[in-house]
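The block underneath contains the structure these notes are about, expressed in structure tokens.
The values are calculated or read from the model by the stated rules, or taken from the named source; none is laboratory data. Model, not experiment: these values are computed from the prediction. Cβ atoms come from the backbone with ideal geometry, glycine included; neighbour counts cover every protein chain shown.
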């Protein structure tokens, strides 16, 4: 499905969370109107064939002015009617969902709601100034399920007061809610936020990409265990973030690959029963598309295995299934 993204900033609550600066994350600050939405859909039709799905994102769609919500959703209706657009999704907060809101969304063809959960640890939510609790998330999810609405849950790693254990616990609680999918975002310190001030004052320590990838590898294992699809791992790269917008934290243009590389390293290590393979060769067989994940960026996994276990060399071969062998 081809997505037409429409960014809708929540002007009534700018930068409420300690980490939030939506303009720098999205690279946009204007508020769209119905004409803009119609033009974006028509423009998409000139670039590629449909069908399309319109996604209103920005984190708080159902918290913006109700007239604006209806106006933007109304603009999509002619395209839903002629089949150009086959569905609509919105991104919002757990404390901006109730039965009335969901009924209105369904009236306008919304099929999926993304909730910014971020954490299921109340202390972390408080320190991040999210303005809601873990119980609020559970109530919002119950409301969506009760009204037959598909939903995706988003979580963050590295929030103030969080830990590796807390993040994995959040993943488990999210998985138990059985969303249609999840997005996992390592926290990036964005300029012009309260978190940036805390970081500069030494009151917040940001995770490095390497540290965040290690935690996210465990989180990915949780979602795999529960058969929950991971739709996105890491922030979408942008010019704004790559050129000064991200001042600290786990921003990496290929963060998802960092995580998969960690997971493959863990899988290989779990197959090794000793820590003394001096002078031997480690032969790893893996599917073609996973060879680079096994080797790691700049050969980091290969180097880790050689240093940790004493292998003389590490070789990676293409095969139909994952296999680890020791060659004398």
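What about residue 284, is it out of contact with any strand residue (DSSP E or B) (no Cβ under 6 Å at 6 or more places or on another chain), on the phi < 0 side of the Ramachandran plot and in a strand (DSSP E or B)? Considered against the rule, which asks whether it is out of contact with any strand residue (DSSP E or B) (no Cβ under 6 Å at 6 or more places or on another chain), on the phi < 0 side of the Ramachandran plot and in a strand (DSSP E or B), residue 284 comes out as no. Look at the range 129-144: where a residue is without any contact (Cβ under 8 Å) to a residue 24 or more places away in the chain and a partner is surrounded by fewer than 16 Cβ atoms within 10 Å (Cβ to Cβ), sitting 6+ places away or on another chain with Cβ atoms under 6 Å, you get 133/122. Once the range 53-69 is narrowed to residues that are in contact with a helix residue (DSSP H, G or I) (Cβ under 7 Å, 6 or more places away or on another chain) and part of a strand (DSSP E or B), the residue that is farthest from residue 2 (Cα to Cα) is 56. No other residue among 290, 273, 308 is without any contact (Cβ under 8 Å) to a residue 24 or more places away in the chain and either touching a helix residue (DSSP H, G or I) at 6+ places or on another chain (Cβ under 7 Å) or over 30 Å from residue 196 (Cα atoms) (or both) apart from 273. Might you let me know whether the range 34-47 holds any residue that is at pLDDT below 90 and surrounded by fewer than 18 Cβ atoms within 10 Å (Cβ to Cβ)? Scanning the range 34-47 turns up no residue that is at pLDDT below 90 and surrounded by fewer than 18 Cβ atoms within 10 Å (Cβ to Cβ). Scanning the range 208-234 for residues that are touching a strand residue (DSSP E or B) at 6+ places or on another chain (Cβ under 9 Å) and either over 17 Å from residue 165 (Cβ atoms) or at pLDDT below 95 (or both) yields a total of 10. Checking each residue in the range 188-201 for being in a loop (DSSP other than H, G, I, E, B) and at pLDDT below 95 picks out 191, 192, 193.
Among the residues examined, residue 196 qualifies as out of contact with any helix residue (DSSP H, G or I) (no Cβ under 9 Å at 6 or more places or on another chain) and closer than 25 Å to residue 91 by Cβ.
Does residue 27 qualify as being under 19 Å from the mean Cα position of the chain (by Cα) and either surrounded by fewer than 16 Cβ atoms within 10 Å (Cβ to Cβ) or modelled with pLDDT under 90 (or both)? Here the answer is yes, as residue 27 does meet what is asked. Listed by first and then second residue, the pairs linking a residue in the range 220-246 that is within 15 Å of residue 178 (Cβ to Cβ) to a residue that is part of a loop (DSSP other than H, G, I, E, B) and at pLDDT 70 or above, with Cβ atoms under 8 Å apart and 6 or more places separating them unless they lie on different chains, are 223/229; 226/178; 228/178; 228/179; 229/180. Scanning the range 287-298 for residues that are more than 20 Å from residue 327 (Cα to Cα) and assigned to a helix (DSSP H, G or I) gives 288, 289, 290, 292, 293, 297, 298.
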